[in-house]
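Take a look at the structure below.
The values are calculated or read from the model by the stated rules, or taken from the named source; none is laboratory data. Quantities reported herein were computed from a predicted structural model and do not represent experimental measurements. Cβ sites come from the backbone with ideal geometry, for glycine too, and all protein chains shown count toward neighbours.
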Amino acid sequence: MPTMTTSCRMLAAALVLLALAGCAGKEPVKPPPTLAEAMDQLGRYRFEEARRDLKLVRDASEAGSETWRRASYGLALAHQHEPAASPEMTAKAKALHEELWERGAGSPEAVHAAMQLGRIAHMRDYFEDVPDLATARTWYGKAISAGGDDPIASQAVVYLASTWIEELTPAGFAEAERILTTRLAERPEDAQAALMWMTLADLRHTFRKDPKGAVEALAQVDRLGAPASLHWKAVWRMGAIAQDELKDRDLAVACFRAVATGYLRSGKADAARNRLVELGVEPPPLPTTLWEKLGKPGPVQVVPLAPVEAKP
């Protein structure tokens, strides 16, 4: 069997060393980002990195697949919420949401895309942006119709009603009330029912000059056991309206007692105690420390209110 000459062996060795030298200065190839890694960038508000990685994931996925839908939605949000907002960024977000709505029809991501398209039309996203309430209503309506029991559909109901409140007309106020009361009549335990009742209270008290109707709505927020950050506001406001406008002393006392004893760190506990003094009631004793008796209070119990029906 023929053997390699010395010169051939030297040449082969030189080629190997050359190849090794060429590889030594190169960094190892970085694997493409996963969807979870790309979404983590978005969750950390690293919008530029999120756009880069989510585009890679999206481009590598089959159009319409779950990975493609999630990457598309994340990429749209990374454009939509860029702090340096611009017409170009908003246009890219809008195009991505619209494509997701078309190609991901029936998916949760498509419902969320419709909601975001409503928000883009509804809100001012950049300097000199002009809200388009008609377009916002169309997309909110699509999110509600397609959303079913998804809480995002319930949120869209609140936003849809707000577009009519912003008209600042009696007809707009009436339409907002119709939208909210219809949803509540259909879904009394809706995931966003407390927020809808709170919105109704604001609408009735501030814009429709209906304090009794506002208290009826606030009583429903109380009944539903809303989160503490919303509950104390409803109870405080119900007490203030009862004292100042309805002259319902019993209801006012019950509300202010609830705030004074159950929400010591709400910022209204001292005001509630002062209101009780105004009503001729001895305020409840303060706990020895603010860490005592901070459990969630139960609903205010005064007089059961009749259910509020949807108004025409």
When restricted to Leu200, Leu218, the only residue modelled with pLDDT of 95 or more, in contact with a Gly (Cβ under 9 Å, 6 or more places away or on another chain) and either among the aliphatic types (A, V, I, L, M) or farther than 30 Å from Ala254 by Cα (or both) is Leu200
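The rows are residues; the columns are (1) within 24 Å of Leu54 (Cβ to Cβ); (2) at pLDDT 95 or above; (3) surrounded by fewer than 21 Cβ atoms within 10 Å (Cβ to Cβ).
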residue	(1), (2), (3)
Leu96	yes, yes, no
Arg103	yes, yes, yes
Gln116	yes, yes, no
Ala174	no, yes, yes
Glu177	no, yes, no
Note: among Asp244, Asp250, Asp270, just one is within 24 Å of Glu177 (Cβ to Cβ) and either in contact with an Asp or Glu (Cβ under 8 Å, 6 or more places away or on another chain) or in the same structural domain as Gln192 (by TED's automatic domain parsing) (or both), namely Asp244
Scanning segment 179-234 for residues that are within 24 Å of Tyr263 (Cα to Cα), surrounded by fewer than 20 Cβ atoms within 10 Å (Cβ to Cβ) and acidic (Asp, Glu) gives Asp202, Glu216
A careful count of residues in segment 119-171 that are farther than 20 Å from Ala193 by Cβ and of a type in the set (Phe, Trp, Tyr) gives 3
Within segment 235-277, the count of residues that are of a type in the set (D, E, K, R) and either in contact (Cβ under 8 Å) with a residue 60 or more places away in the chain or crowded, with 23+ Cβ neighbours inside 10 Å (or both) comes to 1
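Which one is surrounded by the fewest Cβ atoms within 10 Å (Cβ to Cβ) among residues in segment 118-134 that are of a type in the set (A, V, I, L, M, F, W, C) and over 20 Å from the mean Cα position of the chain (by Cα)?
Going through the qualifying residues, I end up with Val130.
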